[in-house]
Every structure is written in C-alpha cells, then in structure tokens.
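The structure appears below as structure tokens.
The values are calculated or read from the model by the stated rules, or taken from the named source; none is laboratory data. Keep in mind that this is a model prediction, so the values were computed, not measured. Accessible surface areas use protein heavy atoms only, side chains included; no ligands, DNA or RNA. Shrake-Rupley method; radii C 1.70, N 1.55, O 1.52, S 1.80 Å.
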Amino acid sequence: MNAVHTGLGLALAALAASALAHGEESHPTKKQSFDASAVEQRAFGREGNPKRVTRIIKIDMSDAFRFTPPAVVIQRGQTVKFVVSNSGKQLHEMVLGTAAELSEHAELMKRFPNMEHADANMAHVKPGDSGEIVWQFNRAGEFHFACLIPGHFEAGMVGKVVVK
C-alpha cells in the first residue's frame, strides 16, 4: 500500500511540475482559428467570432497594477475585441471572469505561479507588447477582469465589465 501511495505521490508531483511554466516566459498562443463547435458557454459569455466583432475596446496594463480604463459598459449581445497593451516592464495578463472564478484562479496561481494556461478569456502580454481577447457578452450582469500573476491581483489589478 505504501508503494502505491509513493507512486501516486511521485506521479502527482511530476504532473504539478509539468504544469509550471508561467514566469516571465511567453505563453503559448491561442488557437488562431475560431471553431464555433468548440465554444463553451460561461457565466459571463463565450468566446466570440472575430469576424463578428461589433466593438473594439483598448485596455492598458501598467506596473502600477492597474487597468486603464478600469471599467467598461457593454450591451448584451455585443462581440467585443479587447486590444490589451502592456505599458509596463513586467509580464501582465488580462483574464475575464466572474469575481468568484477570478479569486479561485488567483489562489491557484499562488500555489502554482508558473502554471501554463491559454484560454479564450485571457491574454498574456509581455512588456511593450499587446494581445487580444474576442468575447461575446450574451448575458447581462457585472463581471470582472484581472491580472492573476501572483501579487498583481492582490495589489488591486482588477477591472469591471457591466453588461446591460
């Protein structure tokens, strides 16, 4: 039984180690083509079709741990392209979600700071660079975006999306 637990522990440790890769390195780029059959509905909307963008919103991320603008208002049904720029000197990211999802993900990032991830609701942006998120807001409500790199979320790097 101890051999099983030891083997299981080693396997889990290897899995956790392979998940680590966040740091200052670049992240894998999201898939380039939109696949409507793979779109997952989330509480705050779903991945948007880049050919159906109805609005472009520019967001800046800075080393003051702030987003500019800090809040945006969107009409339900709009497909928005967020053009996310990093004017700082360190890696930042913008992740869309509910307050609960972002808090949970931030806690996970504290435990696994080098975790690699690239979902449609996030953009990892190196200093001086920019990224994009295309999202369809098909549900009304108050949602958020945040930088979940350890320490950034806790420093207040959070913004708000109000969908009317």
Next item on the list: Could you pull out every residue, at least 5 positions away or on a different chain, whose amide H is within less than 5 Å of the one on residue 48? Hs are placed 1.01 Å off N in the peptide plane, and Pro or chain starts have none.
Entry: 134, 135, 136
Next item on the list: Name the shape class, rounded, prolate or oblate, that the alpha-carbon gyration tensor gives for segment 98-142, where a ≥ b ≥ c are the square roots of its eigenvalues, rounded holds for a/c under 1.5, and otherwise prolate holds if a/b is larger than b/c and oblate otherwise.
Entry: oblate
Check: What length, rounded to one decimal in nm, is gained on full extension from residue 89 through to residue 68, with 0.36 nm per residue of separation minus their alpha-carbon distance?
Finding: 5.9 nm
Margin query: With the cut-off at 22 Å, tell me which of the pairs 58/160; 81/160; 81/126; 110/164; 81/110; 58/110 have Cα atoms farther apart than that.
Written below: 110/164; 81/110; 58/110
Note to self: Which order do you get for 42, 66 if you rank them by accessible area with a 1.4 Å probe, largest at the top?
What the structure shows: 66, 42
